[in-house]
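Working notes, beginning with the structure itself.
Computed from the coordinates by the stated procedures, all read-outs in this text should not be read as laboratory data. The structure displayed is predicted, hence computed values, not measured ones. Here Cβ is always computed from backbone atoms with ideal geometry, including for glycine, and neighbour counts include all displayed protein chains.
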Amino acid sequence: MARAFGLGLLHGALLTALGFYWLVPSLVGVARLPLPGALTLFTAFVLTQGGRTALIALLMALGSRRGFHVALAFPVALVAAELVYPLLFPWHLALFASPVLDWLQLAELGGPLFVSFWLAAANSAFAWAWQERSSWPRATRPALLGMAMVAGVTVVGHARRRAVERDVSHAQEVHVGIVQGNLAAKSRPRLDPASLYRAKTLELLSSAGPVDWIVWPETALSSPVHASELRRTLAQDVLGDSGSRTNERRIGVPLLLGMVVQADPTKRDPDPTAIPMGALTNSAILSDGVGRLVGRYDKRDLVPLGERAILASELPFVGDFLAPVNEFWPGPIRPAIALGDHRLGVSICYEDILHRAVRESVERTKPALLVNLTSDGWFAGSVASRMHLALARLRAVEHRRYFIRATTTGITSVIDPTGRVVWTLPETTAAAGVATVRWLEPETPYERVGDWPWAVMTALGLAAAVFRPRRSCR
């Protein structure tokens, strides 16, 4: 058992280090940590994240001691660990199915854990066949089982994808202008974000075809705006020209944008919320074409270290060392943001990789479109932006809705309900374009059921491993 745990931790730590190497330059360049501090924090992160693989190995060893074959123990152990083990940056084995679109379609039935489960099961069958390679008659059965799983998932996924595409073709179209400012955090003090985004928007409106509404990314306006000043800021500084005495409102379509909002320091936020006076929120604001505030969403799941302190209550003495780059207050539950007759399922930054949070939001608000405002400037030039996009694609499949991702530096994209990326803007470039999406309001099995089947499977698997009499196994 100890050997299994150690090997699992080693494997998980190495995998995490290779996948999240970009955290070190991000901690140094954006969080402004000294290199020794960044390396120390990265080492702790690698070991913590790698603990999930150690848990998988430990559960497999426990199952093997009770006589369960590894081909069964591995997928059950993996799903159990993905279900219960907390990660600072959550990811699933389902990530590795993203190159094959048909393999993602099972997420509609059971979320990312279903995709992880069948991938683990198929790989277990092939590993079993490899173990039996010295005797091909014995190796044939597990090899055929693995091939049957891959073929079955591919055929079912393809058929389901084609059916969804037919349903989508009948839905109402909407034309969305998306602006990517390419403003890295270090360049913001020298630039006026509102002027840049407004100029790109006006250029888009004058040169493109019909545009129904506009999206700007997370913290497009990074300087805090008092909640009581939102309407004036939207009407004058965002939609109009702040340099004009007439404050001409030149953007005449609804605009969804990311802003930093500060609860008024002298009176309560006009909306009835639990946000303390003076606290900052990472918010998405929807304005109509004349500057009226139509809807607001405040980010609820804050990024560790980037937006909230970690270990501040447990280890107060590390507060200065691990102070967040920007300290925000988690937002309250607000009514869904409505755009005309339709509702938007809004998330901010890494919330789009939190499948349970997105499902709870969809279940509560019943949106017709998913929208994520992201600032991936921390990760420019690394693989992190593509990992973020690959994980976010599953949300579109789980809920069979179009998914708009507006980012500061890339990858700004639109994902269709089958998980296909159908539209993008070039990375690390100030750019804008018009994407066509469709309003959809289905109810998927995963939306109705959630992760409770995996919780039941985990509980039954652990009970069987603990209480089953110990047997010898190969």
Open item on the list: If you fit an axis through the alpha-carbon atoms of helix 2-19 and take the longest principal axis of the Cα set of the chain, what angle between them do you get, 0 to 90°, nearest 10?
Closed with: 30 degrees
Open item on the list: Amide H of His226 versus every other amide H placed in the peptide plane: which residues, excluding those fewer than 5 positions away on the same chain, fall under 5 Å?
Closed with: Gln262
Task: Ala199 versus Ser135: modelled label distance in nm, points set 7 Å from Cα along the beta carbon direction - done: 7.5 nm
TODO: Putting +1 on Lys and Arg Cβ atoms and -1 on Asp and Glu Cβ atoms, find which of Gly29, Leu462, Thr407 reaches farthest to the positive end of the dipole of the chain.
DONE: Leu462
- [ ] Run the quick spin-label model on Leu10 and Ala208: label points 7 Å from Cα toward the beta carbon, then report their separation in nm to one decimal.
- [x] 5.3 nm
Task: Computed FRET value (nearest 0.05) for Asp341 with Phe96, which takes r as the C-beta separation and R₀ as 56 Å - done: 0.90
TODO: Would you be so kind as to identify which of Leu394, Gly340, Gly291 lies farthest towards the positive end of the dipole of the chain, taking Lys and Arg as +1 and Asp and Glu as -1 on Cβ and the Cα centre as origin?
DONE: Leu394
Open item on the list: Taking the 0 to 90 degree range and rounding to the nearest ten, how far is the long axis of helix 452-467 tilted relative to the main principal axis of the chain, both from C-alpha atoms?
Closed with: 30 degrees
Open item on the list: Could you work out [θ]222 nm for the chain from helices alone, using -39500 (n - 2.57) per DSSP H run of at least four and dividing by all its residues? Round to the nearest 500 deg cm²/dmol.
Closed with: -13500 deg cm²/dmol
TODO: Report the full-extension gain for the segment Asp167 to Ala148: residue separation times 0.36 nm, less the Cα-Cα distance, to one decimal in nm.
DONE: 4.0 nm
Task: Quotient of Cα Rg and 2.2 N^0.38 Å for segment 121-201, N being how many residues it contains - done: 2.22
- [ ] Just subtract the alpha-carbon distance of His175 and Thr48 from 0.36 nm times their residue separation and send over the number in nm, one decimal.
- [x] 41.4 nm
- [ ] Mind listing the long-range amide H neighbours of Thr407? Cut-off is under 5 Å, sequence gap 5 or more, other chains count too, H placed in the peptide plane at 1.01 Å from N.
- [x] Thr374, Thr412, Ser413
Task: P(r) weight above 45 Å for the chain, C-alpha pairs, percent - done: 16 percent
Task: Net charge, Val422 excluded, C-beta distance under 14 Å - Lys, Arg +1, Asp, Glu -1 - done: +3
Open item on the list: If each residue of separation counts as 0.36 nm, what is the full-extension length gain between Ala463 and Ser228 once their alpha-carbon separation is subtracted?
Closed with: 79.1 nm
Task: Amide H partners (placed H, <5 Å) of Val371, local residues excluded - done: Gly345, Val346, Ser347, Ile404
